[in-house]
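Colleague: Just dropping this structure here.
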Amino acid sequence: MKTVAKKEWADRLLYFEERRERMVQTIRELVEIESPSDDKSAVDRIAVFLAGKFEALGGKTAFHRSQEFGDSLQIDFFGARTAESNRKPVLLLGHYDTVYPFGTLAQMPCICKGDYLLGPGVLDMKSGIGLVLHAIEALQTWHDGLPRPVTVFLVSDEEVGSHSSRKVTESLARKSAGVLVLEPAAGLRGAVKTARKGVGEYTLRVEGVAAHAGLDPGKGHSAIVELARQISVIAKMNNLREGVSVNPGVISGGTRTNVVAAEAAVRIDVRIKSAKQAKGIDRKLRSLKAFDRRCKLEIEGGINRMPMERTAGVAELYERAREIARELGWKLGEAAVGGGSDGNFTAGMGIPTLDGMGCVGDGAHAVHEFIVISELPRRAALLAGMIERT
Ligand SMILES: [Zn+2]
């Protein structure tokens, strides 16, 4: 791989500086097409729009259809010359679904305020997709065609667990040299993400024995009382120092105050830092025993996203990214975060993965979600460099 001289990096930054307004425009277009995960027709609309954008750059597009969720979009770009085309592709992984219900844009319009661009999904992660479009266009200009094959995979259901897209993500990752995830950078200093916690979702159901609370209290075996005792056991599984958190987040149960409850349930969110912790928590939850022997326990669910651990492959990609940032004149940090992403899947398979390659901002999933406009040029230059070097 030919190395790029210092002057060239400065030129690259300048290239994106000159296109800053165009980048903002691209991102704004994407934010203004609302695409909540649970609204298939809305998500399909942005998929078609993006397919058009990528085809205009010469990408070969294919939809991965889903009945329940929106369609996901795969785009393949081939290397410009034969030797380069023989390299394995780099996989750029993103999602176009958002957590905002349809109509949010009316109260939360996409607007510029000083150096900020605000709007639903602007940071997580419509701006990340905008970066991909501009980085690919730039590489095609600089190299007279792409210097290596690139696969872009944009997922329709990341915010709700990626159930319809996960298999495709994994099969594309298996064929790639590495994965760059366009999730937002960590913090306002723009660190990339080299570790993420794994995420599990469980439901514990308790079946008790109903009875009239006034006439036959002794005959009842309360599912609610049993559940309460189980929850105190579950809460003790927290080990914040080791990075394990277990949150009984939603409870339900019972029918009337004068009935000993026959049913109760709790939904639990689990976060873990390592595969070993995942196994340990899973085993503990599955071996819960009823205090009241007339109550039955049933546990459902499991670990959905395994942790993204900072493997040697991850560390090496970070090292390359740091080198590029240095040439661009800035110090790129790394961060370990609690939230999961599709990067957890690919890193869990042992494929070198670097996450947080998207934009800099704050307020993901919140009313003040924004990106920092002046950070766009160097994020695009970093992404372009990593497409070459992964
Ligand atoms: Zn995201």
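The values are calculated or read from the model by the stated rules, or taken from the named source; none is laboratory data. Keep in mind the model is a prediction, meaning the values are calculated, not measured. So basically every Cβ, Gly included, is an ideal-geometry build from the backbone, and we count neighbours across all protein chains shown. Heavy atoms of the whole protein, side chains included, go into the accessibility calculation; ligands, DNA and RNA do not. Shrake-Rupley method; radii C 1.70, N 1.55, O 1.52, S 1.80 Å.
Colleague: Subtract the Cα-Cα distance of VAL160 and THR257 from 0.36 nm times their separation in residues, and report this length gain in nm to one decimal.
Modeller: 31.4 nm
Colleague: In the Gaussian network model of the chain, springs joining C-alpha atoms below 10 Å, which of THR26, THR255, THR104 carries the largest mean-square fluctuation?
Modeller: THR255
Colleague: Using a 1.4 angstrom probe on heavy atoms only, work out the carbon and sulfur share of the accessible area of the range 63-169 in %.
Modeller: Answer for the range 63-169 is 54 percent, counting heavy atoms of protein chains only.
Colleague: Measure nothing fancy, just the Cα-based angle from helix 127-143's long axis to the longest principal axis of the chain, in degrees from 0 to 90, nearest 10.
Modeller: Its long axis makes an angle of about 30 degrees.
Colleague: Based on a Kirkwood Rh over C-alpha pairs, give the Stokes-Einstein translational diffusion coefficient of the range 1-119 at 4 °C and viscosity 1.567 mPa s in µm²/s.
Modeller: Taking Rh from Cα pairs, D becomes 76 µm²/s.
Colleague: Here is a further query. Would you mind computing, in nm to one decimal, how far apart the modelled labels at GLU29 and VAL233 are, each placed 7 Å from Cα along Cα→Cβ?
Modeller: 5.7
Colleague: Could I ask something else about it? Between the helical axis of 6-18 and the dominant principal axis of the chain, each derived from Cα atoms, what acute angle in degrees is found, rounded to the nearest 10?
Modeller: Compared with the principal axis, the helix lies near 70 degrees.
Colleague: Would you work out the charge dipole size for the range 87-137 about its Cα centre, treating the Cβ of every Lys and Arg as +1 and the Cβ of every Asp and Glu as -1, and quote it to the nearest 20 debye?
Modeller: About 180 debye.
Colleague: Kindly express, to the nearest 10 degrees and within the range 0 to 90, the angle between helix 20-31's C-alpha long axis and the longest C-alpha principal axis of the chain.
Modeller: On a 0 to 90 degree scale, this one is about 30.
Colleague: Separate question: So what are the range 174-293's ellipsoid semi-axes, whole angstrom, largest first, if each one is the square root of 5 times an eigenvalue of the alpha-carbon gyration tensor?
Modeller: The answer is 41, 15, 12 Å, longest axis first.
Colleague: Three principal axis extents, largest first, for the C-alpha atoms of the range 239-354, in Å?
Modeller: 71, 25, 24
Colleague: How much of the calculated P(r) for the range 155-202 lies past 17 Å, in percent of all Cα pairs?
Modeller: 52
Colleague: OK, next. Hey, in the GNM for the chain with a 10 angstrom Cα cutoff, which one of ALA321, ALA290, ALA47 fluctuates hardest?
Modeller: Among ALA321, ALA290, ALA47, the largest mean-square fluctuation in the Gaussian network model of the chain belongs to ALA290.
Colleague: May I have the pair-distance distribution P(r) for the range 87-173, computed from all Cα-Cα distances with 10 Å bins from 0 and rounded to whole percent?
Modeller: Each 10 Å bin holds this share of Cα pairs: 15, 37, 30, 17, 1.
Colleague: Using the alpha carbons of the chain, what is the convex hull volume per residue in cubic angstrom, as a whole number?
Modeller: 145
Colleague: Between LEU240, LEU146, LEU93, find the one with the highest GNM mean-square fluctuation for the chain; connect C-alpha pairs within less than 10 Å.
Modeller: For the chain, modelled as a Gaussian network with Cα springs under 10 Å, the answer is LEU240.
Colleague: Lysines within cross-link reach of LYS219: Cα-Cα under 29 Å, excluding same-chain residues under 8 positions apart?
Modeller: List returned: LYS289, LYS296.
Colleague: Would you mind checking LYS40/LYS167; LYS88/LYS331; LYS167/LYS236; LYS7/LYS331; LYS167/LYS193 for any pair whose Cα atoms are more than 26 angstrom apart?
Modeller: LYS88/LYS331; LYS167/LYS236
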